[in-house]
1. Given the condition of a type in the set (Phe, Trp, Tyr) and open to solvent by 30 Å² or more (accessible area, probe 1.4 Å), answer yes or no: does some residue in the range 135-149 qualify?
2. Of all residues being open to solvent by 70 Å² or more (accessible area, probe 1.4 Å) and not basic (Lys, Arg) in the range 215-239, which is modelled with the lowest pLDDT? Just the residue, please.
3. So if I check each of Val249, Val257, which one is β-branched (Val, Ile, Thr) and either in contact with a His (Cβ under 8 Å, 6 or more places away or on another chain) or within 30 Å of Ala109 (Cβ to Cβ) (or both)?
4. Among all residue pairs at least 6 apart or on different chains, which show Cβ distances below 6 Å where the first residue, located in the range 281-305, is in contact (Cβ under 8 Å) with a residue 60 or more places away in the chain and the second is among the polar types (S, T, N, Q) and open to solvent by less than 60 Å² (accessible area, probe 1.4 Å)?
5. Read through the list (1) open to solvent by 50 Å² or more (accessible area, probe 1.4 Å); (2) of a type outside the set (Gly, Ala, Ser); (3) part of a strand (DSSP E or B); (4) modelled with pLDDT of 90 or more, then give the number of the only condition that Phe255 fails.
6. Just to check your reading of the model, which residue among Arg22, Arg28 is part of a helix (DSSP H, G or I), basic (Lys, Arg), open to solvent by 20 Å² or more (accessible area, probe 1.4 Å) and assigned by the TED database to the domain that holds Gln73?
7. Report, by residue number, each residue of the range 149-180 that is touching a residue at least 40 places away in the same chain (Cβ under 8 Å) and part of a helix (DSSP H, G or I).
8. For the structure I just gave you, tell me whether Val152 is modelled with pLDDT of 90 or more and over 24 Å from Val191 (Cα atoms).
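The values are calculated or read from the model by the stated rules, or taken from the named source; none is laboratory data. Bear in mind the structure is a predicted one, so any value in this text is a computation, not a measurement. All Cβ positions, glycine included, derive from the backbone under ideal geometry; neighbour counts span all protein chains shown. When the accessible area is computed, the model is the full protein with side chains, heavy atoms only, and any ligands, DNA or RNA have been set aside. Shrake-Rupley method; radii C 1.70, N 1.55, O 1.52, S 1.80 Å.
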Amino acid sequence: MKKTIVNLFTGFLGVGKTTALRHLIATRPASEKWAVIVNEFGEVGIDGAALMNDDLPVAEIAGGCLCCVAGPQMTATVATLLRRERPDRLLIEASGLAHAAGVIDELRAKPLGEALEVGAVLTLVDPRQFVSPDYLRQPLYRDQVAIADVLVANKIDMADAETLEAFRSQAGKLFPPKSVVAEVRDGLLDVSWLDAAVTLKPRYRPAIPAESGTGWDSAGWTFPPEQAFSGEKLTDFFDTLPQLLPGLVRAKGVFKVLDSWVWLNWVEGQWSASQVSWRRDSRFELIAPALDNAKIEAALQACFE
């Protein structure tokens, strides 16, 4: 049975998600059948009305956060839409106060995960907010940025050149890296971004080209989101990294441990851990004078739960 692709749209209050979604709907491929779910913070739905279209099924969920207050309602609403409409693609516009990572968990879990394939997550940001430390200190805002596959700076006509340059610099340093980082005005998203590459690969881009002349080598690994890691084994792995890789410069990774996801970061002889909102895959990257990729991969696989 073919699964319905689901794309989550997230972003802080007032960033322009509904306008962007209206543009995507207007440019959708004629061969695809779409359905839309709108989640709003208030009890009276406005965004759903703005998206209504004669041939586009639209459902509304009120109550703020899809994975909290409205969680059971989301499951029921999605199941009903899938059964009644059988769409090729489902677009979910999350409230500006929604915890995006929790929504992804709900979409992947049974029973929804049996009928849905989670596609690219699109997060819209106002670049003026994105570069502000006040916003980045908010866990909800960081959650929405971290979960994105496609990060879009909207309303760029309202930002000055210095702000846009700061956005590009900060967005380029995000880890894990985004499939697409873009800048638009008036919510003019490219419909192809819905299919931004999320294919899992054994390794992803090297951080340092071999010909760079730095004397360092770099490699990265990814693992499917279903693969859980042992927290105890990962602890031992990070403790022994300096012995495993003499001259280690940097190591960092995001791993699924039980039902949570953790960021592990090794630098200057010490490492730390914290929970993150990333849900796409587990991944690990390191930089050292020389690498034995087979040995590292075997050590990572030994940390499987």
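1. Taking the range 135-149 first, the residues of a type in the set (Phe, Trp, Tyr) are 135, 141.
Keeping just the survivors that are open to solvent by 30 Å² or more (accessible area, probe 1.4 Å) gives 135.
Within the range 135-149, one or more residues are of a type in the set (Phe, Trp, Tyr) and open to solvent by 30 Å² or more (accessible area, probe 1.4 Å).
2. Keep residues of the range 215-239 that are open to solvent by 70 Å² or more (accessible area, probe 1.4 Å), which gives 216, 226, 232-233, 236, 239.
Next, from what is left, pick out any that are not basic (Lys, Arg): 216, 226, 232, 236, 239.
Working: Trp216: 73, Glu226: 90, Glu232: 95, Asp236: 95, Asp239: 94.
The qualifying residue modelled with the lowest pLDDT is Trp216.
3. On the way: Val249 fails: either in contact with a His (Cβ under 8 Å, 6 or more places away or on another chain) or within 30 Å of Ala109 (Cβ to Cβ) (or both).
Of Val249, Val257, the one residue that is β-branched (Val, Ile, Thr) and either in contact with a His (Cβ under 8 Å, 6 or more places away or on another chain) or within 30 Å of Ala109 (Cβ to Cβ) (or both) is Val257.
4. From the range 281-305, the pairs are Asp281/Thr222; Arg283/Thr222; Ile287/Ser218; Cys303/Ser230; Glu305/Ser230.
5. Of the numbered conditions (1) open to solvent by 50 Å² or more (accessible area, probe 1.4 Å); (2) of a type outside the set (Gly, Ala, Ser); (3) part of a strand (DSSP E or B); (4) modelled with pLDDT of 90 or more, the odd one out for Phe255 is (1).
6. Details: Arg28 fails: part of a helix (DSSP H, G or I).
Testing whether each residue is part of a helix (DSSP H, G or I), basic (Lys, Arg), open to solvent by 20 Å² or more (accessible area, probe 1.4 Å) and assigned by the TED database to the domain that holds Gln73 leaves just Arg22.
7. Phe167, Gln170, Ala171 - these are the residues of the range 149-180 that are touching a residue at least 40 places away in the same chain (Cβ under 8 Å) and part of a helix (DSSP H, G or I).
8. Details: modelled with pLDDT of 90 or more: yes; over 24 Å from Val191 (Cα atoms): no.
Criteria not met by Val152.
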